[in-house]
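> Can you read through this structure? Questions will come right after.
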Amino acid sequence: MSVIAIANHKGGVGKTTTTINLAAGMARMGYKVLLIDLDPQANATFALGLKKQERTIYQVLAFQDDVRKMIVPLEDIDLVPASVHLAGFEKNNEVGKEFILQESLEPIRDLYDFILIDCPPSLGALTVSALTASDFVVVALQPESLALQGMADFVRILRTVKTRMNQQLELLGIVITQFDNRKVLHRDVLELAEERYGDAVFRSHIRGNVALAESQSMGQHIFQYDDSCNGAEDYLRLTHEVVQRLNPELAV
Ligand SMILES: Nc1ncnc2c1ncn2[C@@H]1O[C@H](COP(=O)(O)OP(=O)(O)OP(=O)(O)O)[C@@H](O)[C@H]1O
Ligand SMILES: [Mg+2]
């Protein structure tokens, strides 16, 4: 069983889209998956069709409530929703608060094959909590200018968290999102990313595909919305690559 944070402090790069569809892809492969929405924007919660929730990961972080009480079973994955109150967690001064999430997952770790955490676009206490609770991190990278500069900053934070909070933490890989092979800039950024980060860059790139955005406004993941679109194809390929990287002998 693995806990995987999907992160990047840069906003709008495809973290939530990747978390949802990677979780759904893993469920399609037969794995039991929990998605934790750790973003005060609650984009993953809404994109999976839920309305505003009372029981959220906020209760776990703020009051140490049992995470099992917050789990909402969906059609194929389980979800722990987010709430806007999470924003307050970034600001409070509680000592050691970045370890609460990790501790809270102990009783459920063995219930799932994968626990995926959708991180907010910041390097604050929520993202640090996710990285502290995780075995692996997947970075979503949109191939725009300055993307790699942001990546270098993020890698520095990863190293710090690994040294100070969670020695287990490993970079599982970098997924290039909204990729358009016809754009010189995108090809350049990909080439540079591969030069700098080598095999860490997943070979499966996620193309720009409007169905990915549409599915979220319909409250569905991509395999429910349109099983045969490019987005479904790309995320299924990525899922296989992620699973293979985690566990070579389990690959299908
Ligand atoms: N491959 C794609 N093709 C087309 N649209 C996409 C793709 N990936 C994501 N989007 C859309 O781009 C927007 C940003 O994506 P997403 O919410 O996944 O990014 P994010 O990194 O989670 O953002 P935030 O930092 O705000 O949490 C969303 O409207 C989403 O539907
Ligand atoms: Mg998001």
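> Where residues in region 78-134 are β-branched (Val, Ile, Thr) and outside any helix (DSSP H, G or I), which of them is nearest to ligand 2 (Cβ to nearest atom)?
Taking the candidates together, the pick is Ile117.
> With a cut-off of at least 1 residues that are among the basic types (Lys, Arg), name the helices (runs of 4 or more DSSP H) lying wholly within region 151-240.
Helices (runs of 4 or more DSSP H) meeting the threshold: 184-197.
> Taking Asn247, is it closer than 30 Å to Ile100 by Cα and at pLDDT below 95?
Yes; evaluated as a whole, the condition is true for this residue.
> Moving on. So Gly30 fits all but one of (1) in contact with a Ser or Thr (Cβ under 9 Å, 6 or more places away or on another chain); (2) away from ligand 2 (no atom under 12 Å from the Cβ); (3) at positive phi; what number is the exception?
Of everything listed in (1) in contact with a Ser or Thr (Cβ under 9 Å, 6 or more places away or on another chain); (2) away from ligand 2 (no atom under 12 Å from the Cβ); (3) at positive phi, Gly30 misses just condition (1).
> Residues in region 19-46 that are part of a helix (DSSP H, G or I), of a type in the set (A, V, I, L, M) and more than 10 Å from ligand 1 (Cβ to nearest atom): how many?
Adding up the residues that qualify gives 5.
> Within region 1-18, track down each residue that is touching a strand residue (DSSP E or B) at 6+ places or on another chain (Cβ under 6 Å), farther than 19 Å from Gln244 by Cβ and part of a helix (DSSP H, G or I).
Result: Lys15, Thr16.
> Inside region 8-24, can you point out the residues that are over 19 Å from Pro81 (Cα atoms) and more than 9 Å from ligand 2 (Cβ to nearest atom)?
The answer is Asn8, His9, Lys10.
The values are calculated or read from the model by the stated rules, or taken from the named source; none is laboratory data. This is a predicted model, so every value here is computed, not measured. In this analysis, Cβ positions are derived from the backbone assuming ideal geometry, glycine residues included, and neighbour counts consider all displayed protein chains.
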